[in-house]
């Protein structure tokens, strides 16, 4: 009874509450469905956007590659053209040089043949003269000899001279002579103040002579000077002019090396 009375008294309140809950559930369901639809729509849009971005990146990369290819191609063609032009220029120059070289070779060949013919002609002339002019030992032995002839057993001195030296620190030269007619006796000495270290080396047909200063010294300068001297003995009669000097090399105090200089000579004097 009490329950029935309670329901009777609260009937409208209960109905109102249930109706409110139903309305609330309907509204919630409507909003939930709308939110779910919007969420799905948003998800689809995001997927579409991601696909578009990927497609755009791929297209951009392909476009960039195409642009780079188009940009590089003219450079390559230009480089090829420039390289071809440069190569052609070098080939033309090489061909020109080869042509000039061929002309020079031909000229040298002609000159060589002419010199060969001249040498053969001279040789024939000499042979002809030798056969036509008989030897005369008596006349040959009576030929006058040079006044300054060095006699067998005579001692003599060879002095080396220079027209001019500048800042001279050291030197080297070859003294050429017939070692069957003269013998080196020693006495090698430098005549230049400061160049005190001097040496010689016996070669097959000459003496190699060299001298130098020692330490940090100022080079020697002068004109018409005697560079060095040495002693010899004649083992046979000979003409002093048979002594010669060549391959004169010098070095100055600044280490400047000069080869085959001129202006050096020798003086032979008998004792």
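If R₀ is 30 angstrom, what is the calculated FRET efficiency for the pair residue 183 and residue 254, using the beta carbon separation as r and rounding to 0.05?
0.15
FRET efficiency for residue 164 and residue 218, Cβ-Cβ distance as r, R0 = 22 Å, nearest 0.05? Numbers along the way, then the final one.
On the way: r = 17 Å, r/R0 = 0.77.
Efficiency, from the Cβ-Cβ distance: 0.85.
Distance between the modelled labels on residue 89 and residue 203, one decimal in nanometres: 4.9 nm (7 Å Cα→Cβ projection).
Kirkwood hydrodynamic radius for region 155-270: how many Å is it when counted over pairs of different Cα atoms? Write out the running numbers ahead of the final one.
Numbers: mean 1/r = 0.0693 Å⁻¹.
By the Kirkwood definition, the hydrodynamic radius is 14.4 Å.
Throughout, read-outs are computed from the coordinates displayed, never taken from laboratory work. Not measured: the values here are computed from a predicted model. Backbone-built Cβ (ideal geometry, glycine too); neighbour counts: all protein chains shown.
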